[in-house]
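Student: Right, I'll just put the structure down here and ask away after.
The values are calculated or read from the model by the stated rules, or taken from the named source; none is laboratory data. None of these values were measured; they are calculated from a predicted model. Note: ideal-geometry Cβ built from the backbone for every residue, glycine included; neighbour counts use all protein chains shown.
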Amino acid sequence: MAVMTSMLVYLLSSCYKNKEDITALPTTSFRADVVPILVSGGCGCHNNGVSTRVLPFSHADTIFYDAILARAFVLDTMARFDKHPGGGVIFFTDNQKNIITSWVKQGAKDDGGGCTVSGTITYTAKILPLYTTTCKASTCHGGLAINLDYSKMVAKKDVLSAMMASSGASGHPGPVLSLSSCTVKLIQEWIAQGQPQ
């Protein structure tokens, strides 16, 4: 019995306790892993700058990160069930499915470096282009949801503030959104400046 007790004490005391040395599990990068899938050839309708029926993900060397982030749920559904919202026969490869579902399970976050917002932020110069590339689509504003213009956005200041405070996780009357830190900073600064037109 003493031998068994000694062995048990030895085994328990030899357990590794220095958790700081354990490296973090690998994460899926939004910028390095997910974005390339959405701006590649398979998503041509979203990237050709021609179609008005789909939400653009990129055009002319500009990537619309928020447009991709805001569709994390749609991308996850497409990856898990092979259901493209627009119909057709466009599907992710098995590797692409794994990347997208892994990213969503990890919280569908943007691992970009953020941005600096400075100067006067006007609706016409900064907010409208963001709205056009991120919020307008057949299943969003301008389609199923109402079109938003300057006066409607000013009137919904409280809703915008709540959305920005949670990066889109709450406050949006429709589905949950994932907004980049750049968008959050931009809209918060626009509101702080009195929402100039």
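Student: I want to confirm something. Restricting to region 128-149 and keeping residues that are assigned to a loop (DSSP other than H, G, I, E, B) and surrounded by 16 or more Cβ atoms within 10 Å (Cβ to Cβ), which single residue is modelled with the highest pLDDT?
Tutor: Within region 128-149, the match that is modelled with the highest pLDDT is L148.
Student: Filter region 105-125 for residues that are within 25 Å of R80 (Cβ to Cβ) and free of Cβ contacts under 8 Å to residues at least 60 places away in the same chain; which is farthest from the chain's Cα centre (by Cα)?
Tutor: K105
Student: Another one. Select the helices (runs of 4 or more DSSP H) contained entirely in region 33-73, then report the ones holding at least 3 residues which are buried (at least 21 other Cβ atoms within 10 Å of the Cβ).
Tutor: 65-69
Student: For region 176-197, give me the residue count where each residue is within 11 Å of the chain's Cα centre (by Cα), small (G, A, S) and assigned to a loop (DSSP other than H, G, I, E, B).
Tutor: The number of residues fulfilling the criteria is 2.
Student: Another question, if that's okay. Return only the number of the condition from (1) at pLDDT 80 or above; (2) within 24 Å of V176 (Cα to Cα); (3) part of a loop (DSSP other than H, G, I, E, B) that P26 does not satisfy.
Tutor: Condition (2) is where P26 drops out.
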